[in-house]
Amino acid sequence: MTISGKELADSIIGRIASEVEDYHVRFGRVPALAVILVGEDPASKVYVRNKTRACERAGIRHIEITLPEDTSELEILENIEALNADPSVDGILVQLPLPAHLSESHITGAIAREKDVDGFHPLNVAALWLGRDNAKIEEHYPVACTPRGIMRILEAAGVDPAGKRAVVIGRSNIVGLPIAKLLLNANATVTICHSRTKDIAEITRQADILVAAIGKPKFVGAEMVRDSAVVVDVGINRLPDGKLCGDVDFEAVAPRASVITPVPGGVGPMTVCSLMENTIDCYLRHTAKRKKRKI
Ligand code: NAP
């Protein structure tokens, strides 16, 4: 089964849009997301455009702040401070990567924790790692968008991680580590692999659920995957011919997998969808009128 993250994201965003209409009537304003883009990185511009389009579809007000490449850290921090203090703004994100003269950790750490829709604030990361129960952490604190989207994909595919062996390739702060913790919270037995892991195929072949977040085209071949595994491909790589491909060799692995996500159209759209969900959750916590959402 190939899971279309695009279709899943479209249906969740459609449902968010009708919820937002309802919130507008009940609470007198729609949720708002501010996006700060520094510099001219073409990939970042595309990501920001995708995010603002998703906001439009979801009925979320979006504020775009575009700053030149040579903007000082102080100026960015002043922008963040103003957005932190603005009660009409629910979520703030700074598009990464930032130009080399800027500290990503200073800047993302300056976003108010309760408006941190990317889930990168140290206190939100700590909340994820300190959580001892298996309650849905995202109901209380923002969780990084890509891992949240992956858990949504598993849910939609009817995959319950409890008791399963999960292997995550990659240990980045934005994907590998948080998805490993979410899978652990969901009672999977989790192994994290990285560039220094020996005999990686021997480990990945044991996976009931395999998450590839490496950044190397077609790294995961059929020989690395056990029969009927669930394979989630996070990678986004551009091939010399300009086409996008994932970290998984889709053609080779799909016949073995019980569930697989394509690239493009898999985890990517669900990451943007999770950003919409994080924004709504921040808004609901912000308006202190949180209700149990149906989706
Ligand atoms: P990253 O920070 O570069 O991390 C890559 C990870 O892969 C590192 O932990 C690295 O190990 C590991 N790795 C590299 N080579 C390896 C090898 N030969 N064997 C085993 N592990 C290896 O990347 P990231 O930010 O996590 O992103 C990973 C991929 O996902 C990229 O293609 C990125 O574009 C994509 N991505 C997609 C989305 C989406 O929405 N779909 C979101 C975020 C990222 P070390 O730690 O040892 O260096």
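The values are calculated or read from the model by the stated rules, or taken from the named source; none is laboratory data. Every value quoted in this text rests on a predicted model; they were computed, and no experiment measured them. Cβ atoms come from the backbone with ideal geometry, glycine included; neighbour counts cover every protein chain shown.
With more than 10 Å from the ligand (Cβ to nearest atom), free of Cβ contacts under 8 Å to residues at least 60 places away in the same chain and under 28 Å from Q95 (Cβ atoms) as the only criterion, which of G242, G235 stands out?
The match here is G242.
Just one of S258, S274 is among the polar types (S, T, N, Q), modelled with pLDDT of 95 or more and in contact with a Gly (Cβ under 6 Å, 6 or more places away or on another chain); which is it?
The match here is S274.
Considering only residues of segment 137-166 that are within 11 Å of the chain's Cα centre (by Cα) and in a helix (DSSP H, G or I), which is nearest to the ligand (Cβ to nearest atom)?
Checking each candidate, the answer is T146.
Would you point out which residue out of V38, V30, V48 is touching a helix residue (DSSP H, G or I) at 6+ places or on another chain (Cβ under 7 Å), surrounded by 14 or more Cβ atoms within 10 Å (Cβ to Cβ) and under 19 Å from P142 (Cβ atoms)?
Details: V38 fails: under 19 Å from P142 (Cβ atoms); V48 fails: touching a helix residue (DSSP H, G or I) at 6+ places or on another chain (Cβ under 7 Å).
Result of the check over V38, V30, V48: V30.
I'm told I203 meets every condition in (1) of a type in the set (A, V, I, L, M, F, W, C); (2) within 12 Å of the ligand (Cβ to nearest atom); (3) in contact (Cβ under 8 Å) with a residue 40 or more places away in the chain; (4) not in a strand (DSSP E or B) except one. Can you identify the failing condition by its number?
Answer for I203: the failing condition is (3).
What are the residues in segment 169-200 that are within 15 Å of the chain's Cα centre (by Cα) and either assigned to a helix (DSSP H, G or I) or more than 8 Å from the ligand (Cβ to nearest atom) (or both), if any?
Listed by number, the residues that qualify are G176, L177, P178, I179, A180, K181, L182, L183.
Out of segment 213-263, which residues are surrounded by fewer than 16 Cβ atoms within 10 Å (Cβ to Cβ), of a type outside the set (A, V, I, L, M, F, W, C), out of contact with any Lys or Arg (no Cβ under 7 Å at 6 or more places or on another chain) and part of a loop (DSSP other than H, G, I, E, B)?
Of everything in segment 213-263, those that are surrounded by fewer than 16 Cβ atoms within 10 Å (Cβ to Cβ), of a type outside the set (A, V, I, L, M, F, W, C), out of contact with any Lys or Arg (no Cβ under 7 Å at 6 or more places or on another chain) and part of a loop (DSSP other than H, G, I, E, B) turn out to be G215, K216, G221, S228, P240, D241, G242, K243, P255, S258.
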